[in-house]
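Remarks on the structure that follows.
The values are calculated or read from the model by the stated rules, or taken from the named source; none is laboratory data. Just so it is clear, the structure is predicted and the values come from calculations on it, not from any experiment. With ideal geometry, Cβ positions are generated from the backbone for all residues, glycine too; neighbour counts draw on all protein chains shown. The accessibility values were calculated without ligands, DNA or RNA, using every heavy atom of the protein model including side chains. Shrake-Rupley method; radii C 1.70, N 1.55, O 1.52, S 1.80 Å.
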Amino acid sequence: MSVYITIVIPVYNSANTLDELYKRLTRTLSDLCDDSYEILLIDDASKDQSFLKMEQLHRQDAKVKIIQLAENFGQQNALMCGFHYAQGEYIITLDDDLQHPPEEIKKLLLKLHEGYDVVFGIPFEKKHSFYRNMGTKMISYLFNKICSKPKNIYVSSFRAIKKEVIKEIIKDKTSFVYLAPIIFRITNHAANVFVRHDVRKYGNSNYNLFKLLKLFMKLVINYSCVSKLVNVTSRPQFEIKSMQ
C-alpha cells in the first residue's frame, strides 16, 4: 500500500518524550490519513535510552521504522538520512522534544495542498531561549544573502515537503547538511503557516551562543560563494549502524 505521509524525526537523548510523541502522532495521523503513514525515527547516537525506546515502539507498531546512526552526525544530517528512506507522498519533519505539536501537522498539509512545494510552520510565539531566538534571526538574515529564499518566508524545522522536492534534496552531497539552503536551490515556491510552539518538557536545548556562531560560519563556508575558495570536509553525510 502506498504511503501518504512520512514523519521524519531526528532523535537525540529523547527517551523521556518518545512515548508521548508517538501517541500524539498516531492519533493525529489516523485522523488525517487512516493507516497510510509511516513514522521514521533516526537516532543520532543518543547517550541515553532513546534507541531502546525506539526499538520498543517498532516492535509494537510496524509503521514505526527506526535507524541508528554510527555516530553523532547532527540533526540536519540525520534528517537527510531519513529522506533517503521516506516513502510518503508528503514528508513532515519535526523535532523530538514535543515543542512542535503533532496536532498542528494538519495546518501544514492544508497549506501544502494549495500548491506549494514546501511549507514551514512558524510559531505564534517561540518558547526558545534568547540565544536560540537570536540565532534564528542571524540565520534567517544569512539565508537572505546566500540563497534564493524569498524575503517574506521564514524557515523552521517543522515543515511539510512534497516528495518531488525530497527526491532532489537527496541528490545533494554536501558533507555539512543544512536543509533550508538546499531546499531554496531547488524551489522558492514556499509558504509559511502559523503554528503553536510548546514549552520544552524535558532537558535543555543543545544550542548555545558558541554553537550558533559555529553554525553561522559553517553555513557561510558550505553554502555561499566562499565554498568555491576553501576545501570543505569530505566526511560522509551519515553512516548507518542499524536499521529496522
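Tabulated results
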quantity: Over 19 Å between alpha carbons, listed pairs 106/162; 65/218; 167/218; calculated: 65/218; 167/218
quantity: In Hz, Karplus ³J(HN,Hα) per residue of the range 27-35 (6.51, -1.76, 1.60; θ = phi - 60°; x = Gly, Pro); calculated: 5, 5, 5, 4, 6, 7, 8, 6, 9
quantity: For the range 17-99, accessible area per residue (1.4 Å probe, heavy atoms of protein chains only), Å²; calculated: 37 Å²
quantity: By average C-beta atoms within 10 angstrom, highest first, the peptides 234-241, 172-179; calculated: 172-179, 234-241
quantity: Selection of GluC sites (Glu not before Pro), the range 1-85, meeting DSSP coil and at most 14 other Cβ within 10 Å; calculated: 71
quantity: Using θ = phi - 60° and Karplus 6.51 cos²θ - 1.76 cosθ + 1.60, couplings along the range 183-188 (whole Hz; Gly, Pro as x); calculated: 4, 7, 6, 8, 8, 10
quantity: Residues listed by number, the range 1-26, amide nitrogen under 13 Å from residue 52 label point at 7 Å toward C-beta; calculated: 15-16
quantity: Cβ-defined net charge surrounding residue 58, 14 Å radius [Lys, Arg +1; Asp, Glu -1]; calculated: -1
